[in-house]
Amino acid sequence: MMRLAAGIALIAAPAVAQELTAPSGLKLNLYDVIIEDDAALARFRFEVPEIADNGLPFADVADDLQALCNQTLLPGLQQSGWDEGQIVVQLSAEKVDFGATVPDITQYFQPFSIDGDACIWEDF
């Protein structure tokens, strides 16, 4: 597993900054990228305080996750030579250590498979 700092230019040029703005206007603060080459898996972890308890439900951010994957994450990976596998997007109300279970922090996870230039919504 290779761990990359959030500021690494793995993401497409327009989105190199740590803070991204989703189509809905929601601010997504990228704080971790984990590439598992052997599993063909790329994880992008974002801090999004607006999803905290009584905040935005998953249904309200679902379209943003799809757009983020298609318009930013996949093109950035493809520029780095990545053209198959799976992308997992994680939104957390607060930064969470990878693999940690923190019941009082809202977290959403969404996997996508890669099909050409498109992210395909998957279920766990």
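Where a number appears in this text, it was derived from the coordinates with a stated rule and is not lab data. Since the model is a prediction, treat every value here as computed from it, not as a measurement. Quick reminder, even Gly has a Cβ in these numbers, built from the backbone with ideal geometry, and neighbours come from all protein chains shown.
Some observations on this one:
- Only one of 98, 58 that is surrounded by fewer than 18 Cβ atoms within 10 Å (Cβ to Cβ), of a type outside the set (D, E, K, R) and in contact (Cβ under 8 Å) with a residue 60 or more places away in the chain: 98
- Screening 30, 73, 20, 65 for residues that are in contact (Cβ under 8 Å) with a residue 60 or more places away in the chain, of a type in the set (A, V, I, L, M) and either crowded, with 20+ Cβ neighbours inside 10 Å or within 21 Å of residue 122 (Cα to Cα) (or both) leaves exactly one candidate, 73.
Every residue, every condition in (1) more than 21 Å from residue 23 (Cβ to Cβ); (2) touching a helix residue (DSSP H, G or I) at 6+ places or on another chain (Cβ under 6 Å); (3) of a type in the set (Gly, Ala, Ser), yes or no:
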{"site": "82", "(1), (2), (3)": "yes, no, no"}
{"site": "93", "(1), (2), (3)": "no, yes, yes"}
{"site": "96", "(1), (2), (3)": "yes, no, no"}
{"site": "114", "(1), (2), (3)": "no, no, no"}
{"site": "120", "(1), (2), (3)": "no, no, no"}
{"site": "123", "(1), (2), (3)": "yes, no, no"}
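- Residue selected from the range 108-124 under the condition out of contact with any Asp or Glu (no Cβ under 9 Å at 6 or more places or on another chain) and under 23 Å from residue 49 (Cα atoms), by the criterion surrounded by the fewest Cβ atoms within 10 Å (Cβ to Cβ): 109
- Residue ID - farthest from residue 22 (Cα to Cα), chosen from residues in the range 38-54 that are charged (D, E, K, R) and in contact with a strand residue (DSSP E or B) (Cβ under 9 Å, 6 or more places away or on another chain): 43
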